[in-house]
1. Keeping to region B:1-15, report how many residues are at the interface with chain A (Cβ under 10 Å from one of its Cβ atoms) and outside any strand (DSSP E or B).
2. I want to confirm something. Restricting to region A:414-469 and keeping residues that are assigned to a loop (DSSP other than H, G, I, E, B) and buried (at least 24 other Cβ atoms within 10 Å of the Cβ), which single residue is nearest to the chain's Cα centre (by Cα)?
3. For region A:531-548, give me the residue count where each residue is surrounded by fewer than 22 Cβ atoms within 10 Å (Cβ to Cβ) and not in a helix (DSSP H, G or I).
4. Please go through (1) surrounded by fewer than 19 Cβ atoms within 10 Å (Cβ to Cβ); (2) in a helix (DSSP H, G or I) for A:Gly401 and return the number of the only condition it doesn't satisfy.
5. Restricting to region A:708-747, give me the number of residues that are closer than 20 Å to A:Phe788 by Cβ and under 35 Å from the mean Cα position of the chain (by Cα).
6. Within region B:23-42, can you find the residues that are touching a residue at least 24 places away in the same chain (Cβ under 8 Å) and either at the interface with chain A (Cβ under 10 Å from one of its Cβ atoms) or surrounded by 12 or more Cβ atoms within 10 Å (Cβ to Cβ) (or both)?
7. For region A:882-910, name all the residues that are over 19 Å from A:Met936 (Cα atoms), surrounded by 21 or more Cβ atoms within 10 Å (Cβ to Cβ) and not β-branched (Val, Ile, Thr).
8. Report whether or not A:Met849 is of a type in the set (A, V, I, L, M), under 43 Å from the mean Cα position of the chain (by Cα) and buried (at least 19 other Cβ atoms within 10 Å of the Cβ).
Amino acid sequence: MSGANRIAGQGRLTPARTARFTFDGKSYEALEGDTVASALLANGVHLVGRSFKYHRPRGIVSAGPEEPNALIDVARDAARRQPNVRATVQEVFDGMKVTSQNRWPSLTFDVGGLNNLMSPFFAAGFYYKTFMWPKAAWEKVYEPVIRRAAGLGTAPTEEDPDHYANRYATCDVLVVGAGVAGLSAALAAAATGARVILCDEQPEVGGALHYDRSVTVDGKEGFVWAQEAAAKLAAMENVTVLSRTTAFGYYNHNFVGLVERVTDHVARPDRKAPRERLWQVRAKRVILATGAIERHMVFGNNDRPGIMLASAARTYLNHFGVAVGKKVAIYTANDSAYEAAFDLKRAGVQIAAIIDSRSKPGDAVLNEARSHGIEVLPGHSVVDTKGHRRVSSITVVRNGGGGKRSIAVDALLTSAGWTPSVHLFSQSRGKVAYNAETGQFLPGTYAQDCLSVGACNGTNGLQATIEEALAAGELMARATGNDGGEKVELRGENAFEWTGGMAGAAEGAGADTNVKAFIDFQNDVCAKDIRLAVREGMHSIEHIKRFTTNGMATDQGKLSNLHGLAIAAETLGREIPKVGLTTFRAPYTPVTFGTIINHSRGDLFDPARKTPMHAWEEAHGALFEDVGNWKRAWYYPRAGETMQEAVDRECRTVRAVAGVFDASTLGKIEVVGPDAAEFLNLMYTNAWDTLKPGRCRYGIMLREDGFVYDDGVVGRIAEDRFHVTTTTGGAPRVMNHMEDYLQTEFPHLKVWLTSTTEQWAVIAVQGPKAREIIAPLVEGIDISNEAFPHMSVREGKICGVPTRLFRMSFTGEAGYEVNVPADYGQAVWEAIWARAETLGACAYGTETMHVLRAEKGYIIVGQDTDGTVTPFDAGLAWAVSKKKTDFVGIRGLKRPDLVKEGRKQLVGLRTKDPKLVLEEGAQIVADPNQPMPMKMLGHVTSAYWSENCGHSIAFALVEGGHSRTGQTLYVPMPDRTVAVEVTDMVFIDKEGARLNG
Amino acid sequence: MLLIYCPYCEEERSELEFRHGGDAHIARPTNIADITDEEFAEFFFLRDNPKGLIFERWRHIHGCGRFFNAARDTVSDKFYASYKAGEPKPDLSAVHPATEKTVETYEATEGTAK
C-alpha cells in the first residue's frame, strides 16, 4: 500500500500503479491519479506550509481549487518549476519534486513563527500604520524585509522552456462544469445536434460525485454513471469534452477563457505537446454548472493541520482511498458533514463525535448517526483546538455555556454550509441576489445569454438538479436553432437531503472574544480583524476587504468571503445584502503567464518588418535599430570603428561624395481621384491645387486641435494622382486619419486611398555625386538640374524597371529618392551601390540620416514635436496656407492658448564648449543658480556631434524660443551645468546652394 | 471581447477586427474656421460619457475598412444597433430606457462609504 493511511478496498485508484515523488527532499510513494495532497495525506503528512503573516503551521484544508493553505512548489527540473501550486489539484507524476514554501529554515522549525507570538502587533491594517515612518525606510528596509518574510513561493530564474498553445473555438452551447448538473445539461443539449463544449477542471468528470458515494443515477453509482456519460458525449461528433480545463474568465458577449492543462500531470511529456492550452471560446449560449464550495467553521485556532473540510475528507476517502485521521471529529452547522462521518465509520475510522452548532440537526442524518453508534452533540460548539503540527484535541462547550470537555482527535472535519460558485456568473456581469432563507448569494439578473444550473444556482436535491439541467440544456440548444433528437431523461437518487448552514463566527469566537478564529487562511485574517476594520471606520465591504486583506490572496476568498461579509454585517448591525458583496474578478483560479501570452514570445512576440534590402544591409555589416516594428539599418561600422567613428565617416562622406540610404520604411499612401487635390487641401495645412504634376511639396498635417500630427513630402504624379509620404511610425495612423475624414466628413469627395508603404522600395542617393551615380542607370528621364530641379518627381525606368524618381533631400545635399516596386528593391540597390562604391560614396544608416537632417534644420515629427507643438512653434509658419478657408486644424490653430505669447518654440542650440554633446531630454533654465525647484524653460529634443560642422548641434523646445536667438541659457546636468547659445536651426548651407546644385 | 455587427459586411465579427472611433453623430462644422471658442470646445472636447446608451463610431479596420456607427449600452456592453455612416440615429426608445447623462464619480457610486 502506498502510504500508511491508504485503506484497502477504498477509493478508485489502482494500488499496483505507483509513482514516486519527493516532498522537501524526502521520497514518498503515491498512486497514479493521486493529487499531491492525497498522496501526502496517505503518507500521514498534514503539515504542508506556513501561513502568510503569522507563519503558523498549516495543513490541507480542501480537496479542490479553493485550497487556501497547501501551496507548494512543483519542479521537474530547474527551469520547469512552478511556485504557488495548490497541492489539492496538482496530480502526482513519477519523479516530481515538491517543496513547501514560506518557511525558513525548515517546515517543522520556522523562525518566522515568532510572528505568531508577536501577533498582537500584527492586527489588520498593521502594515499601513507601522511602516509609514521614516519614509525613506520603506524602500530600503521595510519592503524588502516584509517581502522576504511574507512571500509566497519564489519564481524560477531560468527561462520557461515549455511552450503553450492557443486556440479559438466557437460552439452553440458551452457547459462549464461536468458534475451531475453539467453532464445532464450537456447530454440534453448534445441530443439536439447542437455543437457543445463541456469543460471541467478535474482530470475526471463527476464533480461532487468524486466524494458523494450515496448518489445513484439511472441505477448506477454516480461516479460510474458520470464516466459513462462523458464517454458517450466524447464519442459524439458535435461534442468536445475537455478535462483538466478550467473556465477562468467570462467576458463580453459570451466570450469565455479556458485553460487546459495538457502535460502537467505526465511524468515524461511529449516535448512537442504544449504544457497548457488557452481556449478562447465564443459560445452562443453558456450553461454554468460550477457547483458549490463548502465553507469551514470559524472558531478559535481553527487552522491547525488536520482540520479540514468535511467534503474534502470524503473525497480523500471515497476517491483516493485515504483516511485523513484515525480518530476524527466533525464540527458542523449543516447536514452534509454527517455523511463524512458515515463514510469514515464504514471504512473503519473511529468517529470521536459530531459536534453540531445547531440544536436541531436534520432528523434523517441524526437517526443515521445514531444507528452507526456515533455520538452527536447538538447545540454544541468547538471553541478551541490543541496540537502543534497537527491537531491533537478539541475543546467542546455547550452553546450558552457549560459542558466543557476536551476530546482527543487527530483530525477535525468542519462544514458551515455551501457557497454557490457564482464567480463566472458574476464575471458575466450578472447581478447576484441574496436568498435570506438559505443564506446564499445566487444568480439574480442575467446580463448575457447564459443559465446557471444545480448547486451554483442554489438548487437542492439530486433529481431537481438533473431536471433543471436537462431543461436548460435543451432550452439553450433549441435557442441556437437546433431542434433534433429525442428528449433525454435521467433518474437520480441520493441518500439524504441536506439542510442547515451558517456564515460568520461560531460560538466562542464572537465579538466579546479575542481568539484567533481564521476566516481567510491564506492571508491570516481572523474574525476579530473584520471587527477591528469596522471599528476603525471601514463600513463598505470593499474597504473592509482592502484594510484586512480578506479574500485578497491567490484563492480570492473562496472560503472566506461570505464569513467576512457576515461578520461585517453583524458588527455593523446591518443585513448581509445591505453590506454588499465584493466583485468577482477573473481569473477564477490562477492562470500562468505562459498560457496568457502563449505563442507571443521571443521571435513571435511582435512581427519584425524588414525592407527589401535588409539582407544586403545585414551582409554589409549594418547594425539595426527598431523603429516601430521595422528593422532599420542604423550604421555600417567598418572593422575597428566605434559607432561614433562610423557615423562621423558616413556624415563626412555623404557631404563630400555621396551616400546611399534605405528609406523604404517611409509610409506611402496613393491618393487618387478627381478630388484628390481638394482632399489633400483639407488634410494638410499647405495648398495642393497649385502644385503642378511633376512637382513635390513638403506638407504638414495637423489634428483638429491644431497640433502637428505628421509630415512628409507629397509628389503630384498627375492631375488626379498624388504620391504621399508619411513618417515611418506614422503611416498607419495617417492612413486611418485620412480614411476617417474621407468616409465620415468629406464623403462627397471622389478620392481613393491605398496604402503603398510595402509596395515601393525607396533608395535615397544623396550628395554631390548623387546625379553621377544614378545617371547611367536611369532611362526616359532627363535628370539635369534644369529639367529636374529640387522637389520634382518623374516616372520612368531605372535598371530597366519602372521607377518613380523623386528629386528631394532630407540631408541638405542634392539628392534623389528612387522608388521601385519592392521586388526589385535589392537588385536596383545593388546596381546603385556598384556605382556608388566606385565613386567613393558610402552606405549610411538612420543615425547618420538623423545627424545630417539636424545639420540642415529639418525636424522629425515625434522627436522634435510631442503632440503639443503647432507649425508656428516648429518654425514652419511658411507651410500653413493663409488663403485656404478650411483644413483640418484651421480652427484649432486659433485657440487662445495656441496664439498666446511665451509658447515653447523650436530653436537651435550650440554648446559653449563645442565638443560637448547635450543629452536629449535635458531640461533648460535661464539662471543656473536659482534655488530648486528651478523654473524650466523647455528641453532638448535632438542633440548630436556634427562632424561636418566641427561642433555639437542640438534642437530644443524653449519658452518664447524664437525671440531668444543669441541668448545664453543653461542645461543643468548631474555632474555640471552646460552653457548653451540659442541659434536658428540651420547649421549648414543656410542659403541652400548644395541642395539645388 | 465584443462581438460586433458590421453593417457593410453584414455579419458579426470579433472585436479584434475593429477599432473604436469615439462618439458618433458629431458633425464637423462646415464653417469650422469661423466658429467661436465655445463652439469649438463643444465640438472637439466635450463629450457626455453616458452611463447607458451611447452612439459611437467603429471602424472595421481589419475587415472592410469602413467606418460605421453603433448604439451600445455602456453598462451591459449590449449592442442595440449598428448602421452605416451617414444614416440617421435609430430610434431606440422602445428597446432602451433613458440614459443618465452624468459622469460617474467614485463618490457618487460609493454612497455611504464616503
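The values are calculated or read from the model by the stated rules, or taken from the named source; none is laboratory data. Every value quoted in this text rests on a predicted model; they were computed, and no experiment measured them. In this analysis, Cβ positions are derived from the backbone assuming ideal geometry, glycine residues included, and neighbour counts consider all displayed protein chains.
1. Of the residues in region B:1-15, the ones at the interface with chain A (Cβ under 10 Å from one of its Cβ atoms) are B:1-4, B:12, B:14-15.
Those left that are additionally outside any strand (DSSP E or B): B:1-2, B:15.
Looking only at that region, the number is 3.
2. Taking region A:414-469 and keeping what is assigned to a loop (DSSP other than H, G, I, E, B), we get A:416, A:421-422, A:428-430, A:436-439, A:446-449, A:453, A:458-461.
In the following step, the residues that additionally are buried (at least 24 other Cβ atoms within 10 Å of the Cβ) were identified as A:416, A:421-422, A:428, A:453.
Working: A:Ala416: 35, A:Ser421: 24, A:Val422: 23, A:Ser428: 18, A:Val453: 30 Å.
Ranking the qualifying residues of region A:414-469, first place goes to A:Ser428.
3. 4
4. (2)
5. 0
6. Initial filter on region B:23-42 (touching a residue at least 24 places away in the same chain (Cβ under 8 Å)): B:23-25.
Result: B:Asp23, B:Ala24.
7. A:Phe887, A:Gly889, A:Arg891
8. On the way: of a type in the set (A, V, I, L, M): yes; under 43 Å from the mean Cα position of the chain (by Cα): yes; buried (at least 19 other Cβ atoms within 10 Å of the Cβ): yes.
Criteria met by A:Met849.
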